[in-house]
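Have a look at the structure below, then the notes.
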Amino acid sequence: MRCTKCHNEATIYIRRHNTAFCKEHFIEYIYGQVEKAIKKYKMFEKTDKILVAVSGGKDSLALWDILNSLGYNSDGLYIDLGISEYSEKSKEVAQKFAESRNLKLHVVSIKDIYGVGIKEIAHKNRKPPCSTCGVIKRYIMNLTAKELQYKVIATGHNLDDESAILLGNILHWQIDYLKAQSPILFEDEAGFARKVKPLYRISEYETSAYCIMKKIEYILDECPMSIDAQSLRYKGMLNTLEKDSPGTKEQFYFGFLEKGKNYFIPEKREIKLNSCKICEQPTTSEICGFCRQMTKANLEPLNMKEFILRLKDSNGQV
Ligand code: Q46
Ligand code: ZN
Ligand code: ZN
């Protein structure tokens, strides 16, 4: 098979586009797709400071590498969830990546701050680990971005992730989530850093291929708590459809963004944001979700804020 661009031997075939690329033109294609996403949704500019949420997996490391290669001003944030070996290994991979490219990586270790990891906090709260984890990660990302003056938080969600989330939201008619599902969030809401997903046009297969071609080492294991995740089942179903009809995921998700989403326009209602009575972060209640969870688990929420404030003067690690 020949590269569609230069007619040299191709190294990758992208079925949904019926296109083959050599290494050089595949990388160029990836950069083009990411630039297209950034421009279409006005995610950020070259002068903006971007905080990339890095997990050590292929998508977040590919994203960080792409943004860096395209000349965007990006630092990384690794949240150590204290999930035994998985967290240790993924942190090492993220740190190695940052060092190899001379990039700044902020590390926030929940276990170092509180002496317990996500699993124990969830257990104390009698909540599923992933819902506890979601609240804590969102809080840390937002607080870090605000305190360290990052304009945007970028996450590595790809086309497979977004189409699986969409399928789940439709199957359960989660109208509020459908209204909010977008490659950009909190465009102009005070108190929250803008959140963007520059990889939404790229499939999981393509981010893996990108990492291999750019020799990016990443952690292959999934978080051990994701084993039963519903989203993995949805991904499996979409993969079956994609196999028979290449382009299904793209048509499904892009179609939703272009046409379907118009049916789920959020009402223009004023959301009144308060300052959390404990940590002063924005919340719609009196006490934010993070402080509620930590207090319930007998942990001091303000320790997190103090830790992040100390990151300000350090070189990524306290
Ligand atoms: S939410 Fe759940 Fe993930 Fe947190 S506990 Fe692991 S699987 S990491 S994206
Ligand atoms: Zn080529
Ligand atoms: Zn709070």
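Listed here are the residues, each with its yes/no results for (1) over 24 Å from G134 (Cα atoms); (2) of a type outside the set (D, E, K, R); (3) not in a helix (DSSP H, G or I).
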| residue | (1), (2), (3) |
| --- | --- |
| I219 | no, yes, yes |
| E222 | no, no, yes |
| K235 | no, no, no |
| N239 | yes, yes, no |
| Q251 | yes, yes, no |
| F254 | yes, yes, no |
| N262 | yes, yes, no |
| P266 | no, yes, yes |
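Any residue in the range 75-89 that is within 10 Å of V108 (Cα to Cα) and at pLDDT 95 or above sitting within a Cβ distance under 8 Å of a residue that is among the acidic types (D, E) and more than 16 Å from ligand 2 (Cβ to nearest atom)? List the pairs, counting only those 6 or more apart or interchain.
As it stands, the answer is D80/D112, since those pairs meet every condition given.
Which of the residues belonging to the range 277-294 are within 12 Å of T132 (Cα to Cα) and among the basic types (K, R)? If you could, list the steps in order and put the result at the bottom.
Quick first cut of the range 277-294, residues within 12 Å of T132 (Cα to Cα) only: 289-294.
Within the range 277-294, just R292 meets the criteria.
I want to confirm something. Restricting to the range 140-157 and keeping residues that are more than 15 Å from ligand 1 (Cβ to nearest atom), of a type in the set (A, V, I, L, M) and part of a helix (DSSP H, G or I), which single residue is surrounded by the most Cβ atoms within 10 Å (Cβ to Cβ)?
A145
Here is a check on your reading of the model: is G255 modelled with pLDDT of 95 or more and surrounded by fewer than 19 Cβ atoms within 10 Å (Cβ to Cβ)?
Numbers: modelled with pLDDT of 95 or more: yes; surrounded by fewer than 19 Cβ atoms within 10 Å (Cβ to Cβ): yes.
Yes.
Is it true that K111 is modelled with pLDDT under 95, under 19 Å from C223 (Cα atoms) and in contact with a strand residue (DSSP E or B) (Cβ under 8 Å, 6 or more places away or on another chain)? Don't jump to the end; show me each part of the working.
Working: modelled with pLDDT under 95: yes; under 19 Å from C223 (Cα atoms): yes; in contact with a strand residue (DSSP E or B) (Cβ under 8 Å, 6 or more places away or on another chain): yes.
Criteria met by K111.
Just a yes or no: is a residue in the range 38-61 among the acidic types (D, E), more than 16 Å from ligand 2 (Cβ to nearest atom) and within 16 Å of the chain's Cα centre (by Cα)? Can you show your working first?
Filtering the range 38-61 down to residues among the acidic types (D, E) leaves 45, 48, 59.
So of that shortlist, the ones also more than 16 Å from ligand 2 (Cβ to nearest atom) come out as 45, 48, 59.
After this cut, where a residue has to be within 16 Å of the chain's Cα centre (by Cα) as well, the list is 59.
So far as the range 38-61 goes, yes, one or more of its residues are among the acidic types (D, E), more than 16 Å from ligand 2 (Cβ to nearest atom) and within 16 Å of the chain's Cα centre (by Cα).
Any chance the range 9-27 includes a residue that's among the charged types (D, E, K, R), more than 16 Å from ligand 3 (Cβ to nearest atom), assigned to a loop (DSSP other than H, G, I, E, B) and modelled with pLDDT of 95 or more?
Of the residues in the range 9-27, the ones among the charged types (D, E, K, R) are 9, 15-16, 23-24.
Restricting the remaining residues to those that are more than 16 Å from ligand 3 (Cβ to nearest atom) gives 9, 15-16, 23-24.
Going one step further and asking which of them are assigned to a loop (DSSP other than H, G, I, E, B), we end up with none.
The answer is no, given that none of the residues of the range 9-27 is among the charged types (D, E, K, R), more than 16 Å from ligand 3 (Cβ to nearest atom), assigned to a loop (DSSP other than H, G, I, E, B) and modelled with pLDDT of 95 or more.
Conditions (1) under 14 Å from the mean Cα position of the chain (by Cα); (2) surrounded by fewer than 21 Cβ atoms within 10 Å (Cβ to Cβ); (3) assigned to a strand (DSSP E or B), marked per residue:
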{"site": "K111", "(1), (2), (3)": "no, yes, no"}
{"site": "H123", "(1), (2), (3)": "no, yes, no"}
{"site": "K127", "(1), (2), (3)": "no, yes, no"}
{"site": "R138", "(1), (2), (3)": "yes, yes, no"}
{"site": "E162", "(1), (2), (3)": "yes, no, no"}
{"site": "L166", "(1), (2), (3)": "no, no, no"}
{"site": "N169", "(1), (2), (3)": "no, yes, no"}
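What pairs come out if I take residues in the range 305-318 that are at pLDDT 70 or above and pair them with residues that are among the charged types (D, E, K, R) whose C-beta lies under 7 Å away, six or more apart or interchain?
Hits for this filter: I308/E147; L309/E147; K312/E147.
The values are calculated or read from the model by the stated rules, or taken from the named source; none is laboratory data. Predicted, not measured: the structure shown is a model, and the values here were computed from it. Quick reminder, even Gly has a Cβ in these numbers, built from the backbone with ideal geometry, and neighbours come from all protein chains shown.
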